[in-house]
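A.B. asks: Handing you a structure now.
The values are calculated or read from the model by the stated rules, or taken from the named source; none is laboratory data. Since we're looking at a predicted model, the values are computed, not measured. Backbone-built Cβ (ideal geometry, glycine too); neighbour counts: all protein chains shown.
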Number of protein chains: 2
Amino acid sequence: MSGRTRSTATISRVAEAAGVSRATVSRVMNGRSTVAPELAARVLAAAEALDYAPSPVARSLALGRTATIALIVPDLSNPMFQDVLRSLSLAAGEDGHRLLIAESNEHVEDEEILAIEARRRCDGIVLASPRLPTEDLRRLVPQLAPMVLINRKLPGSDVPSLSVDHGAGISDLVSHLLSLGHRKIVYLAGPPVAMSNVERLTALRRLSDNGRQFELIQLACGAMFDNGHAAAGEVMSTGATAVVAYNDMVAFGALSGLHELGVSVPDQISVTGFDDIPFARFTTPPLTTAAVPTGTLGRQAWEHLREQLQGHSSTQETDFRPRLLVRGSTGRTT
Amino acid sequence: MSGRTRSTATISRVAEAAGVSRATVSRVMNGRSTVAPELAARVLAAAEALDYAPSPVARSLALGRTATIALIVPDLSNPMFQDVLRSLSLAAGEDGHRLLIAESNEHVEDEEILAIEARRRCDGIVLASPRLPTEDLRRLVPQLAPMVLINRKLPGSDVPSLSVDHGAGISDLVSHLLSLGHRKIVYLAGPPVAMSNVERLTALRRLSDNGRQFELIQLACGAMFDNGHAAAGEVMSTGATAVVAYNDMVAFGALSGLHELGVSVPDQISVTGFDDIPFARFTTPPLTTAAVPTGTLGRQAWEHLREQLQGHSSTQETDFRPRLLVRGSTGRTT
DNA sequence: TTGAAAGCGCTAACAT
DNA sequence: ATGTTAGCGCTTTCAA
């Protein structure tokens, strides 16, 4: 109620105060084996009095583990990663592990050092590093393991990876559009180098089946709001009745641009996104999209990592199918 | 080019390989004092060959510092904190420090333990804990310092704090609205317990000056999109020509609700937000708001923390004035 | 300039 | 059941 202790107590002080050995204090603090109740009580009392708590750093050194994991991401401002971060932090936290975050800030060249450095401070890492060349990654595995990959695979390795099934998401979106009668669809393409763009485009091409299922028009666009916004005019000039945007941001931009052109969505044209970022439900009209299960990604990432930390080798490649969310931005073609 | 080293090398191995003492290796690795060039070269070569890098954990124990700081936030899904997180991580990273994140998930009762626990793993913390009672916080300072507070002050303590000048933000918003001719303004209030809401409301009351400057109507609302959305009807029934929303999310909701009612913004009514979260520029119409300088908050938080880590006591209370961002959601009253 | 030795705070055999 | 001892891997006096 009054004592204000400074300069943290050590296990030795507590041992001394309780008149026991440090080993006994350690045992008590860890709820280990059997310590005579009387001694345990003395130790606890001393610890309490001295406001003692074991030093995590010293424990880490002695135990060879830190109860910390790291998340490595290219860009924290990406809503996708924010959600993964959150769920990962929560899941790991429930099992008593802390989360270190390392952002490469899109500097691929630093990513390697960053990952290695981060890994040395903790017990394992979750790596979301879409740009790192596969070969480099493969070479790094021994230094980085235990680890789990997010949004990319490493064939032939025994690193668990959690990915999004872009093709399935696109397929659901397209089925939905087809069921509404759309037969001429424009794809607002993302960055050509982005894996997710390639996979989404590939799926679209396959589904279009050379125009036999629907006519596919590809428009170079980008990944941001402004790209979608700028594309609105071009979209309309194609005469398409529906637009599949690379992601939600682009879809927002398109929605906004179309609105400015006086085009009514979904009456005159339907729009779909991809990701289901937090604001997708709040646009006007609310965005029909394929929801990437970021929460699941984060949680499972921790579970796979935990398996490995416990010595079980948890190799596995998982593809998560996005969930089709039909909202107001899609409607029957007229 | 070939050797694949497992089970990380230690300083002893390197010393042995180089035929020197561990002390010398340590000196070389830290670029310390003067080591004979020849020896240094031998050490470096051995380190390289063994793929050696000093253990951060062991260094932390020996040095008494971890080169890590922690950010403690109630809710990572809050866009405000995301941006602080990002800028803090970047700033600290540039000075070679890592960031540990700890989310209390809005459980105030756990916040205290969480903070203490986090603090023990690192050199200092940035605490964004609006709900923690002042008295508890005051009691915690000795255990948590060095620390810096975000979004709250601790009068009488020597803890630096970085806050938002809500009053100034509201003042700018109101001046803007007054200049557009608005004289009847409704405030869509946030959670009554939220400090930010109290301060914003207080500023509004003061500026209204009992209706002499403008008529102020307060509507209980909330902090979320849906709250704003639900309030649209009531807003219109007040006959006000402008609405000041508690924050951007509420403003979005209001925008959406008004749109559904067929009310045109800003022609029939003006709407302002607060925060300038990333999507504020993307609404239809783009939201006029008071931008909270989250990037600055994060950066300065690190700078204050760094000062303390270097031994300089950096007491200071800073209030950041939000920046008025005039966009499309406000216009002249008709 | 370099090395020997002590210590950071803890845990874990091994004895007793 | 408890204490003794030897580390975990590094840094840093202190001597030489």
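A.B. asks: Within the set of pairs 6 or more residues apart or between chains, which connect a residue that is more than 10 Å from chain A (Cβ to nearest Cβ) and aromatic (F, W, Y) inside segment B:46-65 to a residue that is within 14 Å of DNA strand C (Cβ to nearest atom) and part of a helix (DSSP H, G or I) with Cβ atoms less than 6 Å apart?
C.D. replies: As it stands, the answer is B:Y52/B:V14, since those pairs meet every condition given.
A.B. asks: From the list A:L114, A:L88, pick out the single residue that is modelled with pLDDT of 95 or more, in contact with a strand residue (DSSP E or B) (Cβ under 9 Å, 6 or more places away or on another chain) and either away from DNA strand C (no atom under 16 Å from the Cβ) or of a type in the set (F, W, Y) (or both).
C.D. replies: Of A:L114, A:L88, the one residue that is modelled with pLDDT of 95 or more, in contact with a strand residue (DSSP E or B) (Cβ under 9 Å, 6 or more places away or on another chain) and either away from DNA strand C (no atom under 16 Å from the Cβ) or of a type in the set (F, W, Y) (or both) is A:L88.
A.B. asks: Name the residue that is nearest to the other protein chains (Cβ to nearest Cβ), counting only residues in segment B:116-127 that are in contact with a helix residue (DSSP H, G or I) (Cβ under 6 Å, 6 or more places away or on another chain) and buried (at least 19 other Cβ atoms within 10 Å of the Cβ).
C.D. replies: Taking the candidates together, the pick is B:R121.
A.B. asks: Is there a residue being in contact (Cβ under 8 Å) with a residue 12 or more places away in the chain, crowded, with 18+ Cβ neighbours inside 10 Å and part of a helix (DSSP H, G or I) anywhere in segment B:285-295?
C.D. replies: yes
A.B. asks: Quick check on my filter: what residues within segment A:185-224 are touching a residue at least 40 places away in the same chain (Cβ under 8 Å), among the aliphatic types (A, V, I, L, M) and not in a loop (DSSP other than H, G, I, E, B)?
C.D. replies: The answer is A:I185, A:V186, A:L188, A:A189, A:M195, A:L204.
A.B. asks: Which one of the conditions (1) under 27 Å from A:Q82 (Cβ atoms); (2) in a loop (DSSP other than H, G, I, E, B) does A:H182 fail to meet, given that it meets all the rest?
C.D. replies: (1)
A.B. asks: Looking at A:L76, is it more than 7 Å from DNA strand C (Cβ to nearest atom) and more than 11 Å from chain B (Cβ to nearest Cβ)?
C.D. replies: Numbers: more than 7 Å from DNA strand C (Cβ to nearest atom): yes; more than 11 Å from chain B (Cβ to nearest Cβ): no.
Spelling it out, it is not the case that A:L76 is more than 7 Å from DNA strand C (Cβ to nearest atom) and more than 11 Å from chain B (Cβ to nearest Cβ).
A.B. asks: Are there any pairs, at least 6 apart or on different chains, whose C-beta atoms fall under 7 Å, with the first in segment A:136-149 and in the same structural domain as A:Q316 (by TED's automatic domain parsing) and the second polar (S, T, N, Q) and not in a helix (DSSP H, G or I), and if so, which?
C.D. replies: A:R138/A:S157; A:V141/A:S157; A:V148/A:S161; A:L149/A:S161
A.B. asks: Moving to a separate point now. Every residue in segment A:152-207 that is over 22 Å from the mean Cα position of the chain (by Cα) and surrounded by fewer than 18 Cβ atoms within 10 Å (Cβ to Cβ), please.
C.D. replies: Scanning segment A:152-207 gives A:G156, A:S175, A:L178, A:S179, A:L180, A:G181, A:R183, A:K184, A:T202, A:R205, A:R206.
A.B. asks: Follow-up question, since we're still on this one. Among (1) crowded, with 18+ Cβ neighbours inside 10 Å; (2) outside the structural domain of A:G211 (by TED's automatic domain parsing), where does A:G311 come up short?
C.D. replies: All conditions are met except number (1).
A.B. asks: Follow-up question, since we're still on this one. Would you be able to say whether some residue in segment B:16-38 is within 33 Å of the chain's Cα centre (by Cα), within 30 Å of B:A301 (Cα to Cα) and not assigned by TED's automatic domain parsing to the domain that holds B:I150?
C.D. replies: no
A.B. asks: Looking at segment B:3-20, is at least one residue more than 7 Å from DNA strand D (Cβ to nearest atom) and within 30 Å of B:L114 (Cβ to Cβ)?
C.D. replies: No: segment B:3-20 contains no residue that is more than 7 Å from DNA strand D (Cβ to nearest atom) and within 30 Å of B:L114 (Cβ to Cβ).
A.B. asks: For segment B:58-72, give me each residue that is in contact with a Ser or Thr (Cβ under 7 Å, 6 or more places away or on another chain) and away from DNA strand C (no atom under 16 Å from the Cβ).
C.D. replies: Across segment B:58-72, the qualifying residue is only B:I72.
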